[in-house]
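Asks: Have a look at this one before I ask anything.
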Amino acid sequence: MPYRTHHSRSAPFVATCPDCEIERSSDSATELVAFYRRHHRHTGHDIVVTRADLEFSAAVTAALDASDDVAAVVDGLDARYGVDKHDSIESGTDGVPIGIVVAAMSERGFTVGETLEAIAGVRMTGALYEPRDDHLAAF
Ligand SMILES: [Zn+2]
């Protein structure tokens, strides 16, 4: 498990680079992904999410606990974050913010880089798609 850090100001999402000990707090999980992308581009380092305040229903938690597979995690999160497929005038769901997927996978010991790699791998198989920028949905 990633180690936990504590802050005077309690941002719901915190990520750190274990190599530089740089830390970034944000109200948005997606901002942590942007932090990773910038930092990785400059240094090649990976980023670890050390704190993610996510609240899920028992049903979603059970679905998530059943699998480490990123497609299954997206599918489980979609029930919480996605738009009901039948209510949407567009085809399908708006998807799950990629930062939320990264945060949920961090609970399973994945770094940000590992999660993005797993997402890219699953997208190649067609099991995940991007209904809009930085949002994911499972088929
Ligand atoms: Zn670094």
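Asks: Going highest first, how would you order 131-138, 12-19 by mean Cβ packing within 10 Å? Let's see the in-between values first.
Replies: On the way: 131-138: 18.1, 12-19: 19.8.
The packing order, highest mean first, is 12-19, 131-138.
Asks: Suppose each label sits 7 Å from its Cα in the direction of the beta carbon; what would the Y129-H45 distance come out to in nanometres?
Replies: 3.8 nm
Asks: So what are the ³J(HN,Hα) numbers for segment 124-133, from phi and the Karplus equation (6.51, -1.76, 1.60; θ = phi - 60°), rounded to whole Hz, Gly and Pro as x?
Replies: 4, 7, x, 7, 10, 9, 10, x, 8, 3
Asks: Near the amide H of H135, under 5 Å away, which other amide H atoms are found, from residues 5 or more places off or on another chain, if H is placed in the peptide plane?
Replies: I98
Asks: Starting from 0.36 nm per residue, how many nanometres of slack lie between A11 and R108 once their C-alpha separation is accounted for? Let's see the in-between values first.
Replies: Working: separation 97, 0.36 × 97 = 34.92 nm, distance 2.08 nm.
My answer for the length gained is 32.8 nm.
Asks: Could I ask something else about it? Which cross-chain or sequence-distant (5 or more) residues have an amide H under 5 Å from the amide H of D68, H modelled 1.01 Å from N in plane?
Replies: Answer set, sorted by chain and number: none.
Asks: What length, rounded to one decimal in nm, is gained on full extension from A72 through to E117, with 0.36 nm per residue of separation minus their alpha-carbon distance? Don't skip to the end; give the middle numbers.
Replies: On the way: separation 45, 0.36 × 45 = 16.20 nm, distance 1.54 nm.
Length gained between A72 and E117: 14.7 nm.
Each value in this text was obtained by applying a stated rule to the coordinates, not by laboratory testing. Predicted model only: the values in this text are computed from it and were never measured. All Cβ positions, even for glycine, are placed from backbone atoms using ideal geometry, and neighbour counts span all protein chains on display.
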